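Enquirer: The structure's right below; bear with me while I get my questions together.
The values are calculated or read from the model by the stated rules, or taken from the named source; none is laboratory data. Predicted model, so just to flag it, every value in this text is computed and none were measured. All Cβ positions, even for glycine, are placed from backbone atoms using ideal geometry, and neighbour counts span all protein chains on display. Calculation scope for accessible area: heavy atoms of the full protein, side chains included, ligands and nucleic acids excluded. Shrake-Rupley method; radii C 1.70, N 1.55, O 1.52, S 1.80 Å.
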Amino acid sequence: MMKSKRFEPIQEIASSSADELSREMAEAGRRVADLEGQLTQLQTYRDEYVRNSTQSSGAMDAVKLQNYRSFLDRLGEAMRQHLKNLDAARAEFDKRRSKWSEKRIEAESLGRVVERFREEERSAADRREQREGDDAAMRIALAARGEFGNR
């Protein structure tokens, strides 16, 4: 069996694996983008809330002030938790990108090996055909000489 034929399935598996890892990396990237968008929305909401609360009535009574601070604390905690989730999603994306990159390099390397084996096999076949052609020409020449030599 030819070397290229033995390596083709291995290269195909690596390539297929790289494709799957690429999809997983893209999914992780979308998760990061979604979380970044949500965090931006939370920050915008907080900023608007602060701006509207300070502009609305000028002075706040103690209960309103306590509610205001409590709400900002909860909003701040939600943002901190969201930031943790975003950091985890970014780390997951980086991990998936690294795995994909390794597998892609492996698949490309195997592809080059398979192609080199195919080129070697083509060259060997070409040399074999050339030898067979030369041998046939030699037999024809010897046969012709033998016919002329017998006269």
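Enquirer: Could you state the number of Å between the C-alpha centres of the stretch 81-144 and the stretch 23-65?
Expert: First find each Cα centre; the distance between them is then 51 Å.
Enquirer: Rounded to the nearest 20 debye, what is the charge dipole size of the stretch 1-147 about its Cα centre when +1 sits on each Lys and Arg Cβ and -1 on each Asp and Glu Cβ?
Expert: Once rounded to the nearest 20, the dipole reads 400 debye.
Enquirer: Would you mind telling me which residue in Arg116, Arg128, Arg104 has the biggest mean-square fluctuation in a Gaussian network model of the chain, where springs connect alpha carbons within a distance under 10 angstrom?
Expert: Among Arg116, Arg128, Arg104, the largest mean-square fluctuation in the Gaussian network model of the chain belongs to Arg128.
Enquirer: Suppose R0 equals 25 Å. What FRET efficiency, 1/(1 + (r/R0)^6) with r the Cβ-Cβ distance, do Arg30 and Arg74 give to the nearest 0.05?
Expert: Computed FRET efficiency for Arg30 and Arg74 comes out at 0.35.
Enquirer: If you take every residue apart from Gln81 with its C-beta less than 13 Å away from the C-beta of Gln81, what net charge results, scoring Lys and Arg +1 and Asp and Glu -1?
Expert: Around Gln81, the charge tally is 0.
Enquirer: Any idea what the dipole of the stretch 93-134 comes to, in debye rounded to 20, about its Cα centre with Lys/Arg Cβ at +1 and Asp/Glu Cβ at -1?
Expert: Dipole magnitude for the stretch 93-134 comes out near 500 debye.
Enquirer: Report, to the nearest 10°, how far helix 62-149 tilts away from the longest principal axis of the Cα atoms in the chain, using its own Cα long axis and a range of 0 to 90°.
Expert: 0
Enquirer: May I ask you to derive the relative contact order of the chain, considering only C-alpha pairs under 8 Å and at least 6 residues apart, and to give it as an integer percent?
Expert: 51
Enquirer: How far is helix 3-56 tilted, in degrees, relative to the longest principal axis of the Cα atoms in the chain, given as a value from 0 to 90 rounded to the nearest 10?
Expert: Approximately 20 degrees, to the nearest ten.
Enquirer: Another question, if that's okay. Express the accessible area of the stretch 1-144 per residue in Å², computed with a 1.4 Å probe while the remaining protein chains stay in the model.
Expert: Per residue, the stretch 1-144 has 72 Å² of solvent-accessible surface.
Enquirer: What is the gain in length, in nm to one decimal, between Ser16 and Gln81 on full extension, counting 0.36 nm per residue of separation less the C-alpha to C-alpha distance?
Expert: Gain in length upon complete extension: 19.8 nm.
Enquirer: Would you mind computing Rg(Cα) / (2.2 N^0.38 Å) for the chain, counting N as its residues?
Expert: 2.44
Enquirer: At a probe size of 1.4 Å, how large is the accessible area of Arg127, to the nearest 10 Å²?
Expert: Per-residue accessible area (Arg127): approximately 140 Å².
Enquirer: Okay, moving on. Over the chain, what percent of the accessible surface lies on carbon and sulfur atoms, probe 1.4 Å?
Expert: Using a 1.4 Å probe with all protein chains present, the chain comes out at 51 percent carbon and sulfur.
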